[in-house]
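Below is the structure I would like to discuss, written out as structure tokens.
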Amino acid sequence: MKVKRYIYFLISLLIYFNGHSQNEYAKLIGESDGISVKLMWVLNKWPSGLEGFNVKRRSTDGNKKGKWDELNSSMIFPEISANKSYTNAIKNFDENQRLFNKVQKLMLSNKLKEVKKNDFIKRVSSDPNAVKGVSFANALDYDIALISGFAFVDLNVPAGNVYEYGLFPVINGKVSTDPVSLFEWKYGNKPDLSITGGSLKTAITSVKNKIQLKIIFNGNDIRNKHAAGFNIYKSEDGKFFSKMNISPVSSSSSADASVVSYFDNDAKEKGTTVYSVALVSIFGNEGPRIKTIYDPEKFPKNLTSPVVSKVGFISQNYHDGLKVEWTFDKLNEPFIRSFLLEKAVLPNKFKVVAILSNVSARSYTDKEIMPLSSYIQYRITAITEDELKFRSNEFMIYYLPEIKPQKPTGLAGKLINEKGKTFVELSWNSRPESDTLTSGYKLFASQAGNRKLFLEGSLPLIKGYTFRYEVFNVLAAKYHFSITSVSKLNAMSELSDTLEITVPSRTLPLPNISVYTLDSNRVTLNWDYPAIDDLKGFRIFQDGNLVANEFQLGKTAKKFSTPSLAFSRTYKFELMAVSESGVISEKSIMREVYILKK
């Protein structure tokens, strides 16, 4: 049993001495079920010579007091013993036997140790903290108070009006004539153990068949009721309730409005379950129950946490803020009350940025200006109607805004041949005076015949407004270019408009007359040739003389037929390719054709 859990509910024991003289070393407290009265004395010190107490009762009517009746047959003294009789504290055979059995069980499990009277008194006489510890332990379990000699149960209270109980110390063998503390009780009165303004709620958890019970109550109200905690009951048939807890369920919270949680690890997947809770006092009396019904059909089958997916600047001006985006299953929205967005500027802890009641929201813009060059983490939590929290991942970014410079304009280009090399000379508009960010430019270019642009990362930053780009293609190809402005922090602007330039062929492949056919004295030549962007056409030579040119045989031509030729003669044919820029190929291998006599 962890004492820490009961700190909050047992504050009432500690405040009994507040406002009282330290001479009042003992306080008699009690509680009744309406017929019998349970008493317990709480001490703040153990005076020299104190051996134990007697408990007496008398009737009282204002100033008119009855005669004191001694209730215990002999002095009640502090001691924990395996063979001790408890008839002096509670005159009931069954209860005495129950206490005896409990002592045996606790001692066998090493949860209770035997302390004889003299040793007990020696310890509490010399150590004030030991006195408080004893009172605290007694309040945790009223049976322990009876067992250790700090409690009495009056079972046979005659019917009457008002009774006064007195705690009479025995010092150095002599019973005091005056009580050190009084407790007054009106016959029939029961304690008010109602949970004022309280409620019991159920909430799902991320573990299957496990739900959370949440008891919400007013802390100030509970503090004044000798409260030890709560008893929790469960009914799966709507009739029979079974107690779920072994010891009272409590809290260490000191807030006025408090919450106590308890988990049912074996909740039904189908059908309703009724839960009830009652406040229980340190004397074991229980107040009226409050109930709630858990219906699994009203909760999602699989409630998952949100996921922070993206964090980024919403514009080039970092003062406009960071946009945090997350994902969350839309089917679970009806079960969510709000989202809680938190931020941590490391190494600081997380703090709340926003509470979002719009559960359909999937983004939020954080406009708080933060230190540059810092690491920032965001996380978001989905909170259910029953205050169950499902927390997301933690998304971290390096906060160094990329303030983009202006996009370059006016990109143009021309071809230049120089010393056997071919260049594309690019040029663009100089940056306007208003552009104070741009420190240079970077080039994006495509490969020959490909439109996809790649950053020319090996090139140094271009400081001027022109650049010569050498091309190495042999056959004609289309190149594409774009440039970007670069800031001092290496932030790049949007790409400029794309420039397309066709670089002509430097040489042309050797053509080949593949086959020829004869029709009487007419010859038809056939050839294949690769598709070349700047191919203009073909030239045919007959016996060394040009008989057809590129204007007659365009780039799609694949054959040529001669006019009627003389019989019994050999003719020699050659083929040449010509580009748009006047580049010519070598002549094909000569084809000789002999025309037979008719």
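The values are calculated or read from the model by the stated rules, or taken from the named source; none is laboratory data. Since we're looking at a predicted model, the values are computed, not measured. Methodologically, a virtual Cβ is constructed for each residue, glycine included, from the backbone with ideal geometry; neighbour enumeration extends over all protein chains shown. Just so you know, the surface numbers come from the protein's heavy atoms only, side chains and all, with ligands and any DNA or RNA stripped out. Shrake-Rupley method; radii C 1.70, N 1.55, O 1.52, S 1.80 Å.
Show the residues, 5+ positions off or on another chain, whose built amide H is closer than 5 Å to the amide H of A477.
Long-range HN contacts for A477: V503.
Okay, next question. Which semi-axes, in whole Å and largest first, does the equivalent ellipsoid of the range 228-367 have when worked out from the alpha carbon gyration tensor as the square roots of 5 times its eigenvalues?
Working: eigenvalues 354, 90, 23 Å².
They are 42, 21, 11 Å, listed from largest to smallest.
If you don't mind, there's one more thing I want to ask. Would you mind working out the accessible area per residue for the range 473-598, using a 1.4 Å probe, and quoting it in Å²? Write down the numbers at each step before the final one.
Values: 6780 Å² over 126 residues.
Heavy-atom accessible area per residue stands at 54 Å².
Rounded to the nearest 500 deg cm²/dmol, what is the calculated helix-only ellipticity per residue at 222 nm for the chain, with -39500 (n - 2.57) per DSSP H run of length n ≥ 4?
Values: 6 runs with 55 residues, N = 598.
So the helix-based figure for the chain works out to -2500 deg cm²/dmol.
Hey, how many Å between the Cα centroid of the range 331-350 and the Cα centroid of the range 352-410?
Answer, in whole Å: 10.
Moving on to the next point. Which of K201/K268; K38/K239; K27/K67; K67/K186; K84/K225; K298/K330 have a Cα-Cα distance over 20 Å? The partial results should precede the final answer.
On the way: K201/K268 16 Å; K38/K239 31 Å; K27/K67 22 Å; K67/K186 17 Å; K84/K225 31 Å; K298/K330 16 Å.
K38/K239; K27/K67; K84/K225, as the Cα separations exceed 20 Å there.
For the chain, would you read off the P(r) tail past 38 Å as a percentage of all alpha carbon pairs? Don't skip to the end; give the middle numbers.
On the way: 113726 of 178503 pairs.
It works out to 64 percent of all Cα pairs.
Set the Förster radius R0 to 41 Å, insert the Cβ-Cβ distance between E269 and M396 as r into 1/(1 + (r/R0)^6), and round the FRET efficiency to 0.05. Show your work: numbers first, answer last.
Values: r = 38 Å, r/R0 = 0.94.
In this case the efficiency is close to 0.60.
Next question, about the same structure. Which of the trypsin sites (Lys or Arg not before Pro) across the range 413-459 are loop residues per DSSP, with 16 or fewer other Cβ within 10 Å?
K419, R451, K452
Quick one: grab Rg to one decimal and Dmax as a whole number for the range 148-193, Cα atoms only, in Å.
Gyration radius and largest Cα-Cα distance of the range 148-193: 13.3, 40 Å.
Full extension from Q447 to K67: what is 0.36 nm times the residue separation minus their Cα-Cα distance, to one decimal in nm? Can you show the working numbers first?
Values: separation 380, 0.36 × 380 = 136.80 nm, distance 11.42 nm.
Here the segment from Q447 to K67 would lengthen by 125.4 nm.
If you don't mind, there's one more thing I want to ask. Please report the spacing between the Cα centers of the range 100-158 and the range 415-471 in Å, no decimals.
Going from one Cα centre to the other spans 91 Å.
Moving to a separate point now. Hey, how many Å between the Cα centroid of the range 528-598 and the Cα centroid of the range 203-247?
Distance between centres, Cα-based: 102 Å.
At 1.4 Å probe radius, can you tell me the per residue accessible area of the range 78-178 in Å²?
Per-residue value: 52 Å².
If I take the Cα coordinates of the range 361-463 and project them onto the principal axes, what are the three extents in Å, biggest first?
Taking the Cα atoms of the range 361-463, the three principal extents are 80, 36, 23 Å.
Pull out the extension gain between E494 and E114, defined as 0.36 nm times the separation in residues minus the alpha carbon to alpha carbon distance; nm, one decimal. Each step should come with its number before you reach the end.
Details: separation 380, 0.36 × 380 = 136.80 nm, distance 8.36 nm.
Working it through step by step, the gained length comes to 128.4 nm.
What's the carbon and sulfur percent of the range 117-260's accessible surface, probe 1.4 angstrom, rounded to a whole number? Each step should come with its number before you reach the end.
Values: 3220 of 6620 Å².
With neighbouring chains kept in place, the figure for the range 117-260 is 49 percent.
Write down the accessible area per residue of the range 397-453 in Å², having rolled a 1.4 Å probe over the full set of protein chains.
On the way: 3400 Å² over 57 residues.
Heavy-atom SASA per residue in the range 397-453 reads 60 Å².
Roughly to the nearest percent, how much of the accessible area of the range 526-587 is carbon and sulfur, given a 1.4 Å probe? Working shown, then result.
Details: 1530 of 3230 Å².
Ligands and nucleic acids excluded, carbon and sulfur reach 47 percent.
Would you mind telling me the antiparallel percentage of the DSSP bridges in the range 263-324, rounded to 5? Can you show the working numbers first?
On the way: 9 of 9 bridges.
Taking every DSSP beta bridge within the range 263-324, about 100 percent pair in antiparallel fashion.
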